[in-house]
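The values are calculated or read from the model by the stated rules, or taken from the named source; none is laboratory data. Bear in mind the structure is a predicted one, so any value in this text is a computation, not a measurement. With ideal geometry, Cβ positions are generated from the backbone for all residues, glycine too; neighbour counts draw on all protein chains shown. For accessibility, only protein heavy atoms count, side chains too; no ligands or nucleic acids. Shrake-Rupley method; radii C 1.70, N 1.55, O 1.52, S 1.80 Å.
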Amino acid sequence: MRDLILQEQFEIEVLEWLNSGRFLRFLYFGGGTMLRLCHGLDRYSVDLDFWIAEPRQAATLFGRLEQYLGRFYILKDAAAKHFSLLFELKTAKYPRSLKIEIRTGDRKPETEQAIAYSPHADRQVLLQAMTLQQMMLLKTAALLDRGEIRDAYDLEFLVKRGLQPSGKKTTLEDILRRIDAFKKTDYTSKLGSLIEPDKRPYYRDHNFRILKAAIETVLRTQD
């Protein structure tokens with residue numbers, strides 16, 4: 001857990017630098033790290049994910065960010081791709097590198113003002129973040145696209161926060177199939193490495209029962 005705690009301090013530090021450089025006004029914060037830092041998601045997340053506020057500014061923003069971040073960190077990677085801007089930062093202060101992805105598509109997400117903070121850091125950063133409802137949609141799409149157990153974990157977290165699973169019957173049924181397809185190594189290795197040891201047996205033994213029950217309730221209303 002020590003490396004993950006340090007990684008979270010790294011994330012807060014970078015958010016503060018982005019705020020100081022006035023870059024956060026062009027970005028919407030999302031992903032699992034946003035859920036953890038802004039809403040208390042009880043798993044660690046190791047990357048920073050953003051959506052650009054104005055896609056036409058992507059090229060200019062990339063050049064400015066590359067120059068700015070290079071003042072504080074070693075840039076292991078910096079690439080402007082068709083639908084995203086990618087950076088990978090490294091510093092001797094932290095054991096892991098930190099990846100930043102900024103999506104540059106035309107879709108404007110639903111956002112709200114939020115504060116990013118960590119119990120392991122003494123800084124807080126005010127920013128514009130995805131709403132929880134927007135994250136429910138994005139995490140549903142992510143689970144169906146890449147089938148990662150962390151996305152199911154995040155969906156169950158959102159259900160616990162009072163959000164209802166959404167989508168067509170076929171979409172919800174696909175989610176249930178994805179959950180049932182997770183293997184032992186998904187729980188012990190992929191998910192287990194991101195959550196505290198005392199939480200691991202619950203998910204290994206109960207297989208996202210809260211999320212599955214919420215989906216099954218919605219499905220019954222659709223019949």
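Residues in the stretch 87-97 that are in a strand (DSSP E or B) and of a type in the set (D, E, K, R) were compared, and the one that is most open to solvent (accessible area, probe 1.4 Å) is K90. Name the residue, out of L41, L24, L15, that is more than 12 Å from V125 (Cα to Cα), of a type outside the set (D, E, K, R) and in contact with a helix residue (DSSP H, G or I) (Cβ under 8 Å, 6 or more places away or on another chain). Just a single option satisfies the conditions, and that option is L41. Of all residues in the stretch 128-142, those that are without any contact (Cβ under 8 Å) to a residue 60 or more places away in the chain and closer than 13 Å to G162 by Cα have Cβ atoms under 6 Å from Cβ atoms of residues that are open to solvent by less than 10 Å² (accessible area, probe 1.4 Å) and part of a helix (DSSP H, G or I), 6 or more apart or on another chain, in M136/L158.
If you filter the stretch 173-223 down to residues that are more than 24 Å from R36 (Cα to Cα) and among the hydroxyl-bearing types (S, T, Y), you find that the one that is least open to solvent (accessible area, probe 1.4 Å) is T217. Remark: L137 falls outside the filter, which requires a residue to be part of a loop (DSSP other than H, G, I, E, B) and of a type in the set (A, V, I, L, M). Scanning the stretch 1-45 for residues that are outside any helix (DSSP H, G or I), open to solvent by less than 40 Å² (accessible area, probe 1.4 Å) and not basic (K, R) yields G21, F23, L27, Y28, F29, G30, L41, Y44, S45. More than 27 Å from D151 (Cα to Cα), open to solvent by less than 80 Å² (accessible area, probe 1.4 Å) and charged (D, E, K, R): does that describe E66? The answer is yes for E66.
Pairs linking a residue in the stretch 98-125 that is farther than 26 Å from A80 by Cα to a residue that is assigned to a loop (DSSP other than H, G, I, E, B) and open to solvent by less than 100 Å² (accessible area, probe 1.4 Å), with Cβ atoms under 6 Å and 6 or more positions apart or on different chains, are E112/T131. Looking across the stretch 46-72, the residues that are more than 26 Å from R200 (Cβ to Cβ), within 21 Å of the chain's Cα centre (by Cα) and not in a helix (DSSP H, G or I) come down to F50, W51, I52, A53, E54. Comparison of I52, I74 shows that the only residue that is free of Cβ contacts under 8 Å to residues at least 60 places away in the same chain and open to solvent by 70 Å² or more (accessible area, probe 1.4 Å) is I74. Residues that are of a type in the set (A, V, I, L, M, F, W, C) and either assigned to a helix (DSSP H, G or I) or out of contact with any Phe, Trp or Tyr (no Cβ under 6 Å at 6 or more places or on another chain) (or both) within the stretch 73-86 comprise I74, L75, A79, F83, L86, listed in sequence order.
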